[in-house]
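Structure first, commentary second.
The values are calculated or read from the model by the stated rules, or taken from the named source; none is laboratory data. None of the values given here were measured: they were computed from a predicted structure. Neighbour counts run over all protein chains shown; Cβ positions are idealised from the backbone, glycine included. Keep in mind that these areas ignore ligands, DNA and RNA; they rest on the heavy atoms of the full protein, side chains included. Shrake-Rupley method; radii C 1.70, N 1.55, O 1.52, S 1.80 Å.
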Amino acid sequence: MNKLKPVVDYRKLRFSNLNSPEFSHLWMLLYWPLYGLAFLFVERLSPIKYYFPVYSTLDDLIPFCELFLIPYWFWFLYLIGMHLYTLLYDIDAFRGLMKFIIISYTIAIVIYLIFPTCQQLRPVSFERDNILTRMVASLYAFDTSTNVCPSIHVIGSVAVLCASWHVDRFRTPGWKFSFGLSAFLISISTVFLKQHSIIDILAAIPVCVIAYYFSFMKQKSPQPAEVTSI
């Protein structure tokens, strides 16, 4: 079995060569702290007086299920894992992933500023008392119920799924199924934990379509056909 070898030797990274073609893609990682500051602003510092509640009658048909905390937390490993893998083994896919994140997360932040939303779906108490429900209670205490539409959790999981389509190693049926199932379970976990309305998932879809087009479909311009002279 052939062992994967990193396509970039990061041991050679120096501040002086950060702008070189070999390492310039690392600048894209600066978006993450910038996004964190932007999200902190809309969540904690922005003077918003009213949040529009997001609700659908379909939400009432979806029961609370603490088991979905597992795929909900798996989102962090899913997202970080793809960043690390592409950083080591597929720089083009990493660039596409980061473009997807930059475009979609920025759109989400702008929407939060223009149309601040909240959800009022969280249960007041839990029917069961176990380690998962106690963890969900801690999640509720830490994570606000504002700025929910579109769902960042859904957008991030779709970003990883789309990136996997452009990594040679992940184009086998088994990997495609695994990434697709993970993205699906992460997305629906948001409604089964009452973190989001079904509308938040639906609102994430057009954002993801826009991000995918500009990050992957337009990633490589088609080369003009060569004309052979006779």
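A few comments on the model shown:
- Too-long pairs where the Cα-Cα distance tops 31 Å, listed order kept, from 194/218; 49/218; 12/176; 3/194; 5/218; 5/176: 194/218; 49/218; 12/176; 3/194
- Accessible surface of the chain, 1.4 Å probe: 68 percent of it comes from carbon and sulfur atoms.
- When the chain is treated as a Gaussian network with alpha carbon springs shorter than 10 Å, the biggest mean-square fluctuation among 15, 23, 68 belongs to 15.
- Computed from Cα positions, the angle between helix 69-89 and the longest principal axis of the chain comes to roughly 10 degrees.
- Paramagnetic label reach from residue 41 (point 7 Å along Cα→Cβ; backbone nitrogen cut-off under 14 Å): within the range 99-122, residues 106-114.
- Under the simplified labelling scheme, the residue 16-residue 214 pair shows an inter-label distance of 3.7 nm, with each label point 7 Å from Cα along Cα→Cβ.
- 0 to 90° range, to nearest 10: angle between helix 152-164 axis and the chain longest Cα axis: 30
- Here semi-axes √(5λ) of the Cα gyration tensor in Å was calculated from the structure, and among (1) 26, 19, 18; (2) 36, 21, 19; (3) 42, 23, 14 it sits at label (2).
- The trypsin sites (Lys or Arg not before Pro) found in the range 144-202 that occupy coil by DSSP, while having at most 13 further C-beta atoms within 10 Å, are 171.
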